[in-house]
Amino acid sequence: MTDVRHVLVLPDRDAAEEVAAELPDRFGVTEEPQLVRDALAGEDDAEDAQWLVVVEDPESRLDRTALDDLAASYEGWLEAP
């Protein structure tokens, strides 16, 4: 079985940090999610950066719909695999 990695795209760092903080309680995530700044193509302004929350899911047990709903509640989305 291949490891699954979920990538949630959030509009800013605050939203990404809040989502990362919710993951252990809501989904039982034990591994620290990785926060990554993702500058939009051609944009140098830090205000135009999205933030990614990368969640490792080695047992493929996380509900993609629930993750997408969580991201959507912060004006973000779950990237397609």
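Laid out as a table, the results:
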| item | result |
| --- | --- |
| Cβ-Cβ under 8 Å pairs, at least 6 apart or on other chains, segment 60-81 side under 22 Å from Arg13 (Cβ atoms), far side part of a loop (DSSP other than H, G, I, E, B) | Tyr74/Pro11; Glu75/Pro11; Gly76/Pro11 |
| Selection from segment 22-78 of residues that are within 17 Å of Val4 (Cβ to Cβ), at pLDDT 95 or above and of a type in the set (Asp, Glu) | Asp63, Asp68 |
| Pick from segment 4-34, criterion without any contact (Cβ under 8 Å) to a residue 12 or more places away in the chain and closer than 17 Å to Trp77 by Cα, ranking: most open to solvent (accessible area, probe 1.4 Å) | Asp14 |
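The values are calculated or read from the model by the stated rules, or taken from the named source; none is laboratory data. A quick note: this is a predicted structure, and the numbers were derived from the prediction, not measured. As a convention, Cβ positions derive from the backbone with ideal geometry for all residues, glycine included, and neighbour counts pool all protein chains shown. Quick note on the areas: whole protein, heavy atoms, side chains included, nothing else; ligands and nucleic acids left out. Shrake-Rupley method; radii C 1.70, N 1.55, O 1.52, S 1.80 Å.
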